1. Quick check on region 179-196. Is at least one of its residues in a helix (DSSP H, G or I), open to solvent by 10 Å² or more (accessible area, probe 1.4 Å) and within 24 Å of G265 (Cα to Cα)?
2. Could you list, in sequence order, all residues of region 34-49 that are of a type in the set (A, V, I, L, M, F, W, C) and within 16 Å of M61 (Cβ to Cβ)?
3. So, in region 400-415, how many residues would count as being part of a helix (DSSP H, G or I), aliphatic (A, V, I, L, M) and farther than 15 Å from Q369 by Cα?
4. Between a residue in region 375-397 that is in contact (Cβ under 8 Å) with a residue 24 or more places away in the chain and any residue that is outside any helix (DSSP H, G or I) and surrounded by fewer than 13 Cβ atoms within 10 Å (Cβ to Cβ), which pairs come within a Cβ distance under 9 Å, given they are 6 or more apart or on different chains?
5. How many residues does region 337-354 contain that are part of a helix (DSSP H, G or I) and of a type in the set (S, T, N, Q)?
6. Would you mind telling me which numbered condition in (1) over 34 Å from the mean Cα position of the chain (by Cα); (2) open to solvent by less than 50 Å² (accessible area, probe 1.4 Å) V385 fails?
7. Return yes when Q369 is surrounded by fewer than 21 Cβ atoms within 10 Å (Cβ to Cβ) and in a loop (DSSP other than H, G, I, E, B) and no when it is not.
8. Among the residues of region 226-260, which ones are farther than 24 Å from L201 by Cβ and assigned to a helix (DSSP H, G or I)?
Amino acid sequence: MSELREAAFQSRAWPFEEARRILKRYEKALPAKGHVLFETGYGPSGLPHICTFGEVARTTMIRRAFEVLSDIPTRLVCFSDDLDGMRKVPGNVPNQDMLREHLQKPLTSVPDPFGTHESFGAHNNAMLRRFLDTFGFDYEFVSATEFYRSGQFDEVLLRSAERYDDLMKIMLKSLREERQKTYSIFLPIHPETGRVLYVPLKNVDAREGTITFDDETGREWTLPVTGGNVKLQWKPDFGARWAALGVDFEMYGKDHSSNTPIYDGICRVLGARPPEHFVYELFLDEHGQKISKSSGNGISIDEWLRYATTESLSYFMYQKPKTAKRLYFDVIPKAVDEYHQQLRAYAGQDAAARLNNPVWHIHGGDVPQSTLIVPFAMLLNLAAVSSAENDEQLWGFIRRYAPDASPESHPDLAKAVGHALRYYEDFVRPTRRS
């Protein structure tokens, strides 16, 4: 066993702890599918946000840790639930009146309000992929629409019809009495209107693999559960997707934690072993309220990157994922300086200490040297004291501390100078009295 792998088995860093749990799944036999599958989910009703970054970044850290521990191949799937019906019109997109005409249609059947893609779902999926590609994540994209319509999900959907009563028992326990009367795990997609229907079912025919229901006008329809004619309600879909793909690991926020027994139960009824889970704490805004992409509180990823690097954001995501943390502008300077402190420490550490260092997990073991020789907090102070308006003013002060420093020789410092000036301009200067 290599020194690195031996140290990894002893490491107390949380990605290695999670990776060892995943490896334990296959201590008796290798996965029949030939790989270990990591998954993250995305609801494309809106644009990707900072928590999307956090899920993919943290899952990638665990995947990298697993690859040190084991030679079993791995895959990371980013799954977009784009067959979901559009329940409301987002407030931050154009052509609102047009979108209202398509409420309850799958997002991939709703015209793109921006006019750049074949559907609203395709537009948001493209944003997700561009988002993930920008940060260099290694992943495979899977569209729920394609998954349902191509037949890849058919086997599990037919099994869902066969085991309908058992699946319903799981779901009905979690519902209020009034909701129980009309609930079904299957949501038909109307053959004429294309809308996702929340209607009670009159019959589920396991032998034929069909469902029968009345639409809103009282017309009776019988549809196959295969081929994209129906979709599963979101909780059954969660567990069924695990079963269909053979997912070994998925993380999600604490707001999902009460549903874990439901997801697991669905997966087991459908004949598969539930994945390992990792439940992370939610991010809070400056007032201690949960960050919500619909309300837009907290800080966006674009806002973070206006004042600091991606690596500092990854460092913030690495820290204590099971502890609720404020995610607001004032956490940025601390994250930047601590990240560079860890970079400087890394060079002098042994193998065991390096695997416990956050920067190993941020960079997958290929850790760069820091060229930030002046702390970000000091740059902010310099910008405030000097009322600096451009890079050259700030470099003039920096060269008093480091005469040989330049943007070419110290690229980290050059980036930090630009970030510090923007931070000063946006947060410090407005508070000053003239």
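1. So in region 179-196, the residues in a helix (DSSP H, G or I) come out as 179-180.
From the residues that got through so far, the ones that are open to solvent by 10 Å² or more (accessible area, probe 1.4 Å) too are 179-180.
Those still in the list that are within 24 Å of G265 (Cα to Cα) too: 179-180.
The answer is yes, given that some residue of region 179-196 is in a helix (DSSP H, G or I), open to solvent by 10 Å² or more (accessible area, probe 1.4 Å) and within 24 Å of G265 (Cα to Cα).
2. Start the filter on region 34-49 by keeping residues that are of a type in the set (A, V, I, L, M, F, W, C), which leaves 36-38, 47.
Once the filter is applied, which keeps residues that are of a type in the set (A, V, I, L, M, F, W, C) and within 16 Å of M61 (Cβ to Cβ), region 34-49 yields V36, F38.
3. Within region 400-415, the subset part of a helix (DSSP H, G or I) is 400-401, 411-415.
Retained after the next criterion (residues that are aliphatic (A, V, I, L, M)): 413-414.
Restricting the remaining residues to those that are farther than 15 Å from Q369 by Cα gives none.
Result for region 400-415: 0.
4. Going by the 9 Å Cβ cut-off, the qualifying pairs are A384/R432; S387/R432.
5. Let us first name the residues in region 337-354 that are part of a helix (DSSP H, G or I), namely 337-346, 351-354.
Those still in the list that are of a type in the set (S, T, N, Q) too: 341-342.
Residues in region 337-354 being part of a helix (DSSP H, G or I) and of a type in the set (S, T, N, Q): 2 in total.
6. Every listed condition holds for V385 apart from (2).
7. On the way: surrounded by fewer than 21 Cβ atoms within 10 Å (Cβ to Cβ): yes; in a loop (DSSP other than H, G, I, E, B): yes.
When the stated conditions are applied, Q369 passes them.
8. Of region 226-260, the ones farther than 24 Å from L201 by Cβ are 245-258, 260.
Passing the criteria: L245, K254, D255, H256, S257, S258, T260.
The values are calculated or read from the model by the stated rules, or taken from the named source; none is laboratory data. All of these numbers come straight from a predicted model, not from anything done at the bench. Because the Cβ atoms are built from the backbone with ideal geometry, glycine has one as well, and the counts that use them run over all protein chains shown. What goes into the accessible areas is simple: the full protein's heavy atoms, side chains included, and nothing from ligands, DNA or RNA. Shrake-Rupley method; radii C 1.70, N 1.55, O 1.52, S 1.80 Å.
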